[in-house]
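The values are calculated or read from the model by the stated rules, or taken from the named source; none is laboratory data. The structure displayed is predicted, hence computed values, not measured ones. What goes into the accessible areas is simple: the full protein's heavy atoms, side chains included, and nothing from ligands, DNA or RNA. Shrake-Rupley method; radii C 1.70, N 1.55, O 1.52, S 1.80 Å.
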Amino acid sequence: MINRIKCIGVLSSGGDAPGMNACIRAVVRTAINNGIDVKGINRGFNGLLENEYRDMDKNSVSNIVNVGGTILYTARSKEFMTEEGLNIAVNNSKKMGLDAVIVIGGDGSFRGAKKLKEKGINVIGIPATIDLDIPCTEYTIGFDTAINTAMEGIDRIRDTSTSHARCSIVEVMGRNAGYIALYTGISTGAEEILIPEKKELASIDSIITRVKIAMKKGKKHYIIVNAEGVGNSYELAKKIEQGTGIETRATVLGYLQRGGSPTCRDRVLASIMGVSAVKNLLDGKQNRIIVVKNGVVKDIDIDEGLNMTKGILTEFLDTVEGVESK
Ligand code: F6P
(Lines give C-alpha, C1' and ligand atoms only; values in the text may rest on other atoms or scores of the structure.)
Protein backbone atom coordinates (compact mmCIF):
# COMPACT_ATOMS: atom_id res chain seq x y z
CA MET A 1 0.00 0.00 0.00
CA ILE A 2 1.26 3.52 -0.80
CA ASN A 3 1.94 5.43 2.37
CA ARG A 4 -0.02 8.64 2.15
CA ILE A 5 1.01 9.87 5.58
CA LYS A 6 3.65 12.59 5.22
CA CYS A 7 3.64 14.36 8.54
CA ILE A 8 2.43 13.48 12.04
CA GLY A 9 2.21 15.21 15.39
CA VAL A 10 3.01 13.53 18.69
CA LEU A 11 1.98 14.84 22.08
CA SER A 12 1.86 13.70 25.70
CA SER A 13 -1.12 14.70 27.79
CA GLY A 14 -2.51 14.36 31.34
CA GLY A 15 -0.32 13.26 34.24
CA ASP A 16 3.20 12.41 33.11
CA ALA A 17 4.26 8.78 33.39
CA PRO A 18 7.74 7.23 33.35
CA GLY A 19 8.29 5.70 29.92
CA MET A 20 6.59 8.48 27.97
CA ASN A 21 10.01 9.54 26.67
CA ALA A 22 10.85 6.02 25.50
CA CYS A 23 7.55 6.05 23.63
CA ILE A 24 8.17 9.47 22.05
CA ARG A 25 11.59 8.26 20.95
CA ALA A 26 10.10 5.15 19.33
CA VAL A 27 7.43 7.18 17.52
CA VAL A 28 9.91 9.75 16.21
CA ARG A 29 12.55 7.27 15.08
CA THR A 30 10.07 4.87 13.42
CA ALA A 31 8.33 7.69 11.59
CA ILE A 32 11.54 9.30 10.35
CA ASN A 33 12.95 5.91 9.31
CA ASN A 34 9.85 5.57 7.13
CA GLY A 35 10.04 9.02 5.57
CA ILE A 36 7.42 10.68 7.77
CA ASP A 37 8.06 14.13 9.28
CA VAL A 38 7.28 14.50 12.98
CA LYS A 39 6.21 17.57 14.89
CA GLY A 40 6.54 17.35 18.66
CA ILE A 41 3.56 19.21 20.13
CA ASN A 42 4.37 20.83 23.47
CA ARG A 43 2.19 20.70 26.62
CA GLY A 44 -0.40 18.28 25.36
CA PHE A 45 -3.42 19.64 23.52
CA ASN A 46 -2.38 23.16 24.60
CA GLY A 47 0.38 22.98 22.00
CA LEU A 48 -2.24 22.49 19.28
CA LEU A 49 -4.20 25.45 20.62
CA GLU A 50 -1.20 27.73 20.84
CA ASN A 51 0.84 26.46 17.89
CA GLU A 52 3.62 25.39 20.19
CA TYR A 53 5.60 22.67 18.46
CA ARG A 54 9.04 21.74 17.18
CA ASP A 55 10.27 19.71 14.26
CA MET A 56 11.73 16.48 15.56
CA ASP A 57 14.75 14.72 14.15
CA LYS A 58 16.48 11.52 15.21
CA ASN A 59 18.82 13.44 17.50
CA SER A 60 16.03 15.26 19.27
CA VAL A 61 15.15 12.00 21.01
CA SER A 62 18.69 10.91 21.87
CA ASN A 63 19.47 10.05 25.49
CA ILE A 64 15.89 10.04 26.73
CA VAL A 65 14.96 6.34 26.82
CA ASN A 66 16.01 6.18 30.48
CA VAL A 67 14.61 9.54 31.58
CA GLY A 68 11.33 10.04 33.47
CA GLY A 69 8.80 12.78 32.68
CA THR A 70 8.22 13.88 29.09
CA ILE A 71 10.43 16.05 26.87
CA LEU A 72 7.25 17.33 25.20
CA TYR A 73 5.87 18.48 28.57
CA THR A 74 2.26 17.80 29.44
CA ALA A 75 -0.93 19.47 30.62
CA ARG A 76 -4.61 18.89 31.25
CA SER A 77 -6.19 21.37 28.85
CA LYS A 78 -9.67 22.58 29.80
CA GLU A 79 -9.81 24.99 26.84
CA PHE A 80 -9.25 22.21 24.33
CA MET A 81 -12.40 20.47 25.58
CA THR A 82 -14.57 23.48 24.63
CA GLU A 83 -16.01 23.66 21.10
CA GLU A 84 -14.14 26.90 20.45
CA GLY A 85 -10.83 25.50 21.69
CA LEU A 86 -11.28 22.31 19.71
CA ASN A 87 -11.90 24.26 16.49
CA ILE A 88 -8.73 26.30 17.01
CA ALA A 89 -6.76 23.10 17.61
CA VAL A 90 -8.19 21.47 14.49
CA ASN A 91 -7.38 24.51 12.32
CA ASN A 92 -3.86 24.67 13.69
CA SER A 93 -3.35 20.92 13.08
CA LYS A 94 -4.34 21.47 9.45
CA LYS A 95 -2.02 24.48 9.13
CA MET A 96 0.83 22.38 10.54
CA GLY A 97 0.08 19.82 7.85
CA LEU A 98 -0.60 16.99 10.27
CA ASP A 99 -2.01 13.84 8.66
CA ALA A 100 -2.39 12.22 12.07
CA VAL A 101 -1.80 12.91 15.75
CA ILE A 102 -0.39 10.35 18.18
CA VAL A 103 -1.69 11.02 21.69
CA ILE A 104 0.26 9.50 24.59
CA GLY A 105 -1.81 9.72 27.75
CA GLY A 106 -4.63 8.41 29.88
CA ASP A 107 -8.39 8.09 29.60
CA GLY A 108 -9.01 11.87 29.64
CA SER A 109 -6.44 12.36 26.88
CA PHE A 110 -8.14 9.71 24.78
CA ARG A 111 -11.44 11.55 25.16
CA GLY A 112 -9.60 14.58 23.76
CA ALA A 113 -8.26 12.43 20.92
CA LYS A 114 -11.80 11.24 20.18
CA LYS A 115 -12.90 14.87 19.80
CA LEU A 116 -10.14 15.44 17.25
CA LYS A 117 -11.25 12.29 15.44
CA GLU A 118 -14.82 13.58 15.30
CA LYS A 119 -13.45 16.66 13.50
CA GLY A 120 -11.80 14.45 10.88
CA ILE A 121 -8.27 14.18 12.26
CA ASN A 122 -6.76 10.70 12.32
CA VAL A 123 -5.64 9.86 15.87
CA ILE A 124 -3.74 7.01 17.46
CA GLY A 125 -3.80 6.71 21.27
CA ILE A 126 -1.04 5.15 23.35
CA PRO A 127 -2.04 4.45 26.97
CA ALA A 128 0.24 6.11 29.50
CA THR A 129 -0.76 6.67 33.11
CA ILE A 130 0.58 5.43 36.41
CA ASP A 131 -3.01 4.59 37.45
CA LEU A 132 -3.59 1.62 35.07
CA ASP A 133 -7.21 2.77 34.92
CA ILE A 134 -7.82 2.51 31.17
CA PRO A 135 -10.40 -0.25 30.64
CA CYS A 136 -9.30 -1.36 27.16
CA THR A 137 -5.74 -2.32 28.09
CA GLU A 138 -3.96 -4.55 30.60
CA TYR A 139 -0.91 -2.29 30.59
CA THR A 140 -0.31 1.46 30.70
CA ILE A 141 3.07 3.13 30.35
CA GLY A 142 4.40 4.21 33.75
CA PHE A 143 2.43 1.88 36.01
CA ASP A 144 5.31 -0.54 36.48
CA THR A 145 7.76 2.18 37.48
CA ALA A 146 5.23 3.80 39.82
CA ILE A 147 4.46 0.58 41.69
CA ASN A 148 8.13 -0.26 42.08
CA THR A 149 8.87 3.23 43.41
CA ALA A 150 5.93 3.04 45.82
CA MET A 151 6.88 -0.48 46.89
CA GLU A 152 10.35 0.70 47.84
CA GLY A 153 8.84 3.57 49.83
CA ILE A 154 6.48 1.28 51.72
CA ASP A 155 9.33 -1.15 52.51
CA ARG A 156 11.18 1.75 54.12
CA ILE A 157 8.15 2.85 56.10
CA ARG A 158 7.72 -0.69 57.32
CA ASP A 159 11.23 -0.65 58.87
CA THR A 160 10.53 2.40 60.98
CA SER A 161 6.99 1.29 61.73
CA THR A 162 8.25 -2.02 63.13
CA SER A 163 10.91 -0.31 65.23
CA HIS A 164 8.23 1.80 66.94
CA ALA A 165 5.46 -0.81 66.88
CA ARG A 166 3.27 1.69 65.07
CA CYS A 167 0.39 1.58 62.70
CA SER A 168 1.20 3.30 59.40
CA ILE A 169 -1.09 4.51 56.68
CA VAL A 170 0.65 4.91 53.33
CA GLU A 171 -1.35 6.73 50.70
CA VAL A 172 -0.67 5.89 47.09
CA MET A 173 -1.99 7.53 43.92
CA GLY A 174 -4.47 6.03 41.47
CA ARG A 175 -7.23 8.61 41.20
CA ASN A 176 -10.47 6.53 41.40
CA ALA A 177 -8.73 3.20 40.86
CA GLY A 178 -7.04 0.86 43.32
CA TYR A 179 -4.47 -0.85 41.10
CA ILE A 180 -1.41 0.89 42.55
CA ALA A 181 -2.67 0.13 46.06
CA LEU A 182 -3.33 -3.53 45.23
CA TYR A 183 0.05 -4.18 43.64
CA THR A 184 2.05 -2.29 46.26
CA GLY A 185 0.00 -3.65 49.15
CA ILE A 186 0.40 -7.25 48.06
CA SER A 187 4.10 -6.86 47.28
CA THR A 188 4.92 -5.29 50.65
CA GLY A 189 2.80 -7.64 52.75
CA ALA A 190 0.57 -4.82 53.98
CA GLU A 191 -1.92 -5.75 56.66
CA GLU A 192 -4.68 -3.85 54.87
CA ILE A 193 -5.29 -2.50 51.39
CA LEU A 194 -8.02 0.09 50.99
CA ILE A 195 -9.29 0.68 47.46
CA PRO A 196 -12.09 2.87 46.08
CA GLU A 197 -13.67 -0.14 44.35
CA LYS A 198 -14.32 -1.69 47.79
CA LYS A 199 -14.96 1.27 50.04
CA GLU A 200 -16.76 -0.92 52.58
CA LEU A 201 -13.35 -2.24 53.69
CA ALA A 202 -12.55 1.26 54.89
CA SER A 203 -15.18 1.34 57.65
CA ILE A 204 -13.28 2.94 60.52
CA ASP A 205 -14.77 0.75 63.24
CA SER A 206 -13.80 -2.46 61.47
CA ILE A 207 -10.26 -1.18 60.86
CA ILE A 208 -9.88 -0.26 64.54
CA THR A 209 -11.02 -3.74 65.57
CA ARG A 210 -8.58 -5.42 63.15
CA VAL A 211 -5.64 -3.24 64.26
CA LYS A 212 -6.33 -4.00 67.93
CA ILE A 213 -6.57 -7.75 67.34
CA ALA A 214 -3.37 -7.84 65.25
CA MET A 215 -1.30 -5.80 67.71
CA LYS A 216 -2.62 -7.87 70.62
CA LYS A 217 -1.43 -10.99 68.84
CA GLY A 218 2.07 -9.52 68.81
CA LYS A 219 2.32 -7.85 65.39
CA LYS A 220 5.09 -5.28 65.41
CA HIS A 221 3.56 -3.03 62.80
CA TYR A 222 0.30 -2.56 60.98
CA ILE A 223 0.66 -1.17 57.46
CA ILE A 224 -2.41 0.12 55.70
CA VAL A 225 -1.97 0.98 52.03
CA ASN A 226 -4.66 3.52 51.24
CA ALA A 227 -5.55 4.42 47.66
CA GLU A 228 -6.04 8.17 47.28
CA GLY A 229 -9.60 7.64 46.01
CA VAL A 230 -10.67 6.22 49.39
CA GLY A 231 -10.19 9.27 51.58
CA ASN A 232 -7.86 11.39 53.68
CA SER A 233 -5.04 9.38 55.22
CA TYR A 234 -4.19 11.90 57.94
CA GLU A 235 -7.76 11.84 59.26
CA LEU A 236 -7.79 8.07 59.10
CA ALA A 237 -4.54 7.95 61.12
CA LYS A 238 -6.00 10.26 63.77
CA LYS A 239 -9.13 8.12 64.12
CA ILE A 240 -7.14 4.89 64.34
CA GLU A 241 -4.84 6.32 67.01
CA GLN A 242 -7.84 7.57 69.02
CA GLY A 243 -9.69 4.29 68.67
CA THR A 244 -6.78 1.91 69.39
CA GLY A 245 -4.36 3.87 71.56
CA ILE A 246 -1.63 2.74 69.15
CA GLU A 247 0.64 5.40 67.68
CA THR A 248 -0.37 5.89 64.06
CA ARG A 249 1.35 7.87 61.31
CA ALA A 250 0.30 8.76 57.80
CA THR A 251 2.59 9.19 54.79
CA VAL A 252 1.33 10.41 51.43
CA LEU A 253 3.76 9.20 48.77
CA GLY A 254 2.38 11.72 46.26
CA TYR A 255 4.17 12.85 43.14
CA LEU A 256 7.38 10.93 43.77
CA GLN A 257 5.41 8.00 42.31
CA ARG A 258 5.23 9.79 38.96
CA GLY A 259 8.91 10.62 38.57
CA GLY A 260 12.12 8.71 38.13
CA SER A 261 13.84 6.57 35.58
CA PRO A 262 11.43 4.05 34.00
CA THR A 263 11.79 0.34 34.71
CA CYS A 264 12.94 -2.05 31.99
CA ARG A 265 9.34 -3.18 31.43
CA ASP A 266 8.10 0.37 30.96
CA ARG A 267 10.94 1.25 28.58
CA VAL A 268 10.41 -1.85 26.45
CA LEU A 269 6.61 -1.75 26.27
CA ALA A 270 6.60 2.00 25.67
CA SER A 271 8.99 1.41 22.76
CA ILE A 272 6.90 -1.43 21.33
CA MET A 273 3.73 0.67 21.57
CA GLY A 274 5.39 3.70 19.96
CA VAL A 275 6.61 1.62 17.02
CA SER A 276 3.21 -0.05 16.73
CA ALA A 277 1.39 3.33 16.61
CA VAL A 278 3.44 4.43 13.61
CA LYS A 279 3.05 1.01 11.93
CA ASN A 280 -0.72 1.42 12.22
CA LEU A 281 -0.43 4.66 10.27
CA LEU A 282 1.87 3.06 7.70
CA ASP A 283 -0.76 0.34 7.28
CA GLY A 284 -3.38 3.00 6.56
CA LYS A 285 -5.26 2.43 9.83
CA GLN A 286 -7.29 5.20 11.41
CA ASN A 287 -8.38 6.11 14.91
CA ARG A 288 -6.91 3.26 16.92
CA ILE A 289 -5.72 2.74 20.48
CA ILE A 290 -2.65 0.59 21.04
CA VAL A 291 -3.43 -1.87 23.84
CA VAL A 292 -2.06 -4.94 25.57
CA LYS A 293 -4.57 -7.78 25.54
CA ASN A 294 -3.70 -11.23 26.96
CA GLY A 295 -0.09 -10.08 27.08
CA VAL A 296 0.06 -9.15 23.39
CA VAL A 297 0.33 -5.63 21.92
CA LYS A 298 -2.62 -4.98 19.59
CA ASP A 299 -4.72 -2.10 18.30
CA ILE A 300 -8.44 -1.49 18.68
CA ASP A 301 -10.90 1.10 17.44
CA ILE A 302 -10.86 4.20 19.64
CA ASP A 303 -14.65 4.27 20.18
CA GLU A 304 -14.72 0.60 21.06
CA GLY A 305 -11.87 1.13 23.53
CA LEU A 306 -13.48 4.10 25.20
CA ASN A 307 -16.77 2.25 25.68
CA MET A 308 -15.21 -0.54 27.71
CA THR A 309 -15.43 -0.78 31.50
CA LYS A 310 -12.97 -2.32 33.91
CA GLY A 311 -13.64 -4.06 37.19
CA ILE A 312 -11.21 -4.96 39.94
CA LEU A 313 -9.75 -8.35 39.15
CA THR A 314 -11.10 -10.86 41.59
CA GLU A 315 -7.82 -12.76 41.73
CA PHE A 316 -6.27 -9.71 43.39
CA LEU A 317 -8.92 -9.63 46.07
CA ASP A 318 -8.56 -13.37 46.58
CA THR A 319 -4.79 -12.91 46.91
CA VAL A 320 -5.20 -10.17 49.48
CA GLU A 321 -7.43 -12.49 51.50
CA GLY A 322 -5.29 -15.56 50.87
CA VAL A 323 -2.06 -14.10 52.25
CA GLU A 324 -3.69 -12.51 55.30
CA SER A 325 -2.17 -13.55 58.62
CA LYS A 326 -5.36 -14.30 60.59
O1 F6P B 1 -3.44 10.24 36.68
C2 F6P B 1 -2.23 10.24 37.33
C3 F6P B 1 -2.34 10.95 38.64
O4 F6P B 1 -1.07 10.99 39.22
C5 F6P B 1 -3.37 10.37 39.62
O6 F6P B 1 -2.88 9.25 40.29
C7 F6P B 1 -3.62 11.56 40.50
O8 F6P B 1 -4.91 11.48 41.08
C9 F6P B 1 -3.56 12.70 39.54
O10 F6P B 1 -2.77 12.27 38.45
C11 F6P B 1 -2.95 13.98 40.06
O12 F6P B 1 -3.09 14.93 39.08
P13 F6P B 1 -2.38 16.35 39.05
O14 F6P B 1 -1.00 16.15 38.51
O15 F6P B 1 -3.21 17.14 38.13
O16 F6P B 1 -2.34 16.85 40.45
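Tabulated data for the structure shown
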read-out	value
Computed accessible area, MET308, all protein chains, 1.4 angstrom probe, square angstrom	60
Apportionment of accessible area to carbon and sulfur, segment 140-207, percent (1.4 Å)	48
In sequence order, calculated HN-Hα J values of segment 220-236 (Karplus, 6.51, -1.76, 1.60; Hz; x Gly/Pro)	9, 7, 9, 9, 10, 8, 10, 6, 4, x, 7, x, 5, 6, 5, 5, 4
Entries of LYS94/LYS310; LYS119/LYS198; LYS95/LYS310; LYS199/LYS293 with Cα pairs more than 31 Å apart	LYS94/LYS310; LYS119/LYS198; LYS95/LYS310
Relative contact order computed over the chain (Cα-Cα under 8 Å; 6+ residues apart), in percent	22
Rg and Dmax of the chain, Cα atoms only, in Å	21.9, 73
Per-selection metrics, segment 146-258 (Cα): Rg and Dmax in Å	12.6, 37
Segment 250-326 versus segment 96-168: alpha-carbon centroid distance in Å	8
Anchor LYS216: aspartates and glutamates whose Cα lies under 18 Å away (excluding residues fewer than 8 positions away in-chain)	GLU191, GLU192, ASP205, GLU241, GLU247, GLU324
In Å², nearest 10: area of SER206 left accessible to a 1.4 Å probe	40
Acute angle (nearest 10 degrees) that the helix 107-118 long axis makes with the longest principal axis of the chain, alpha-carbon atoms	20
Rg/Rg_ref, segment 30-114, where Rg_ref = 2.2 N^0.38 Å and atoms are Cα	1.11
Residues whose placed amide H lies under 5 Å from that of ASP37, excluding near-sequence neighbours	CYS7, ILE8
Residue order for TYR234, TYR179, TYR53 - accessible surface, 1.4 angstrom probe, largest first	TYR234, TYR53, TYR179
Computed accessible area, ILE193, all protein chains, 1.4 angstrom probe, square angstrom	20
